[in-house]
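The values are calculated or read from the model by the stated rules, or taken from the named source; none is laboratory data. Bear in mind the structure is a predicted one, so any value in this text is a computation, not a measurement. Ideal geometry is used to build each Cβ from the backbone, glycine not excepted, and the neighbour counts take in all protein chains shown.
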Amino acid sequence: MIEDDAPGGPGGPRDPVDAGAPVDAPVDVDAPVDAGTEAATASPAAPSPVAPTGWARWRWHLLGVFVIYHIAAVTLQALPDPGGTFSRQAWRDPTVQQEFAVWADYLSRNGYAITPKQLEDQLWGLAGRLATVRAAIVRPFSAYGHYIGVRQPWRMFVAPHRFPTSLDVAVREAGGEWRTVFADRSPEHTWRRGTFDHDRMRAAVFRYGWPNYRVAYGELAIWIAGEAARDFPEASEVRIRMLKRRTPTPEEVTSAKIPKGTYQQQIILSLEAQRGREAPR
Amino acid sequence: MIRAWRAWIAVLQRREDALPLAIFRALTGLAVLWNLLPAVLHGVVRVIWLDRDDGGYRVLRAAGSWLVQAAGDLSPGLVWGLVISTLCAGFLVMIGVGGRVAALCALQGTLAISMINTDAKGSYDALLCNSLWLLCLGDGQATLSIAAKRRHGVWIPRVDVAAWPRYLVILQIAAVYFSTGIHKVSAFWTPMGGFSALYYILQQPTWHRFDMTWLAHVYPLTQVSTALVWIFELTWPLLGLALYLRQRPGDGRVRRLLRRFDPRTPYVIFGVSMHLMILAFMEVGPFSAITIAYYPCLYRADELRRGWARLRRRLRSAGAGEALATPEA
């Protein structure tokens, strides 16, 4: 690309090989360094003996335009994005409701009286407008993201999930008791742990605790049933559910009062029906 | 306007020692391997990237990046082809063979695989794609590579490459941290929530490697860490500004201060420590490796060489001191 055949590139005056200098000559590492500036060490391209014409002249301008486009893509796409969290269903989760309550309380105590519900409605409107404006701003970079992958979608740990879910899988024989075979992060119930502990499966299972992923959660349940049908030939049913539990406060941990939580999103599937199907291998 | 444009072109024409970009390249190649090898070894490829008819858990026929859609059908052959070719390309990027073509193959493979099942995607997929694109733009294998060894006869020749790709690397990491910081709108990241975000995040069963309730006994430490992480992320643009000011000519008070006190040091120490803690306590894939790969590009090659030589000298003198202190048998 451009820099390789630029003046001063390999073959140019600063290339130690072509200049005849030993390429691994000892470095005076203690030599005083001036200000430590980029300008002190980064060298400008050596002037070409012949004024560039045609492509050679224009390529620098094209590069200049491209790099500005790239910088704009990186910085503008970094603007806040309500993204996947922009869902009324998701906002009903106790974790999100707790955030509204804390913020509303803070604002009310500081001269801006507002209830959590009013705050939620105002933020819903604001987030909608923000999403619209942001979408318009980043539209020129959509092809860049689509074909090259230059995107900035990270919303890493924007908030602790105070009411997280964890996957729980159990099987039972006809008329028998449920036997847990897998529970997230359990050292005891470790069926298919290698798969479920992988960070990509963790990400998927994390998402499936939210109501807007109901369809995909159902797909995961069917897959689990297929695997359980093979791995537990004596079992007749599998139960897939999520344990939703508030994370303990430091005080609760020190006083050994860990919240119990409740099971939800329960799906029970017949393993006989799974065995009736051809194994998809 | 014309003067500004000329100055901009002059910045793009700057050249510098290729070492920082080469370290970034090698670590990014390693991160590509880290991204896919565990998925292969734990049998996750079939589960998350194959269609339900082929043993996966989701219906994925219509999913995928432009490359997968152009291929027509999300068959097991296509998925495994993408995984294997991306692993090979990542390995070539790591050892420094294949240059931009290898980086582009690794990028397109990573992008294609990550878009197949978006529910199993991590934020690090996008960052890894951005890293690989920067390696398509810059010459990352001019040094510290097999290609350099074959061309120059030494592993780390001093070769100049364009400086602007390294500037884009710095911009990218500043954008990552700042964007992450401004998205942290939860009260728990602030005094209102008692700076308790990190404590509660580490209690989430989704991400932790082992039970983290022991943190309750060092809760104040997690509060301090929460405040520091929040400040660290939000102030990254200031670090970029400081780096810009350091290299500008002039001898004003701010520049003198910035040259005497290197603002990168606290950011690098805190950032690397933070990522190592994440690695130790949480299972978030190659996220820490991808991010740490950016740090060497905060320094010029001469600074890296000086730092390395100083470290070796210290290790040598520590070794000599130990030998003197140990009586011969």
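Which residues, counting only those in the stretch A:108-154, are within 13 Å of another protein chain (Cβ to nearest Cβ), exposed (fewer than 14 other Cβ atoms within 10 Å of the Cβ) and assigned to a helix (DSSP H, G or I)?
A:Arg109, A:Leu126, A:Ser142, A:Ala143, A:Tyr147
Does the stretch B:227-276 hold any residues that are in contact with a helix residue (DSSP H, G or I) (Cβ under 8 Å, 6 or more places away or on another chain) and charged (D, E, K, R), and which are they?
Matches in the stretch B:227-276: B:Glu233, B:Arg246, B:Arg248, B:Arg255, B:Arg259, B:Arg264.
Could you list, in sequence order, all residues of the stretch B:200-222 that are touching a Lys or Arg at 6+ places or on another chain (Cβ under 7 Å), under 10 Å from B:Met282 (Cα atoms) and of a type in the set (Phe, Trp, Tyr)?
The one that is touching a Lys or Arg at 6+ places or on another chain (Cβ under 7 Å), under 10 Å from B:Met282 (Cα atoms) and of a type in the set (Phe, Trp, Tyr): B:Trp207.
Checking the conditions here, which among A:Arg202, A:Arg172 is crowded, with 18+ Cβ neighbours inside 10 Å and over 20 Å from the mean Cα position of the chain (by Cα)?
Sole residue among the options that is crowded, with 18+ Cβ neighbours inside 10 Å and over 20 Å from the mean Cα position of the chain (by Cα): A:Arg172.
Could you check B:Trp236 against (1) farther than 27 Å from B:Leu304 by Cβ; (2) more than 10 Å from every other protein chain (Cβ to nearest Cβ); (3) buried (at least 20 other Cβ atoms within 10 Å of the Cβ) and say which number it fails?
Going through the list (1) farther than 27 Å from B:Leu304 by Cβ; (2) more than 10 Å from every other protein chain (Cβ to nearest Cβ); (3) buried (at least 20 other Cβ atoms within 10 Å of the Cβ), B:Trp236 breaks only (1).
Test of understanding: among B:Arg25, B:Arg46, which residue is buried (at least 23 other Cβ atoms within 10 Å of the Cβ), part of a helix (DSSP H, G or I) and among the charged types (D, E, K, R)?
B:Arg25
Is at least one residue of the stretch A:172-194 in a helix (DSSP H, G or I) and free of Cβ contacts under 8 Å to residues at least 12 places away in the same chain?
yes
When you look at A:Val150, is it free of Cβ contacts under 8 Å to residues at least 24 places away in the same chain and not aromatic (Phe, Trp, Tyr), yes or no?
no
Residues B:Trp34, B:Trp5: which one is without any contact (Cβ under 8 Å) to a residue 40 or more places away in the chain and either more than 11 Å from every other protein chain (Cβ to nearest Cβ) or in a helix (DSSP H, G or I) (or both)?
B:Trp5
For A:Phe163, only one of the following conditions fails: (1) farther than 29 Å from B:Thr110 by Cα; (2) of a type in the set (Phe, Trp, Tyr); (3) out of contact with any Pro (no Cβ under 7 Å at 6 or more places or on another chain). What is its number?
(3)
For the subset of the stretch B:184-194 comprising residues that are more than 7 Å from every other protein chain (Cβ to nearest Cβ) and more than 18 Å from B:Ile278 (Cα to Cα), which member is surrounded by the most Cβ atoms within 10 Å (Cβ to Cβ)?
Per the criteria, the residue is B:Thr190.
Has the stretch A:207-220 got at least one residue that is in a strand (DSSP E or B) and of a type in the set (D, E, K, R)?
No, the stretch A:207-220 contains no residue that is in a strand (DSSP E or B) and of a type in the set (D, E, K, R).
Of everything in the stretch B:49-72 that's in a loop (DSSP other than H, G, I, E, B), out of contact with any strand residue (DSSP E or B) (no Cβ under 7 Å at 6 or more places or on another chain) and not polar (S, T, N, Q), which residue is farthest from the other protein chains (Cβ to nearest Cβ)?
Filtering the stretch B:49-72 for residues that are in a loop (DSSP other than H, G, I, E, B), out of contact with any strand residue (DSSP E or B) (no Cβ under 7 Å at 6 or more places or on another chain) and not polar (S, T, N, Q), the one farthest from the other protein chains (Cβ to nearest Cβ) comes out as B:Gly72.
From the set of residues in the stretch A:38-56 that are loosely packed, with under 11 Cβ neighbours inside 10 Å and assigned to a helix (DSSP H, G or I), which is modelled with the highest pLDDT?
Across the stretch A:38-56, the extreme among qualifying residues is A:Trp55.
One residue is enough: does the stretch B:147-164 have a residue meeting the conditions within 9 Å of another protein chain (Cβ to nearest Cβ), closer than 20 Å to A:Ser142 by Cα and among the hydrophobic types (A, V, I, L, M, F, W, C)?
no
Among the numbered criteria (1) facing chain A (nearest Cβ under 9 Å); (2) touching a Phe, Trp or Tyr at 6+ places or on another chain (Cβ under 8 Å), which one does B:Pro296 miss?
All conditions pass for B:Pro296, except number (1).
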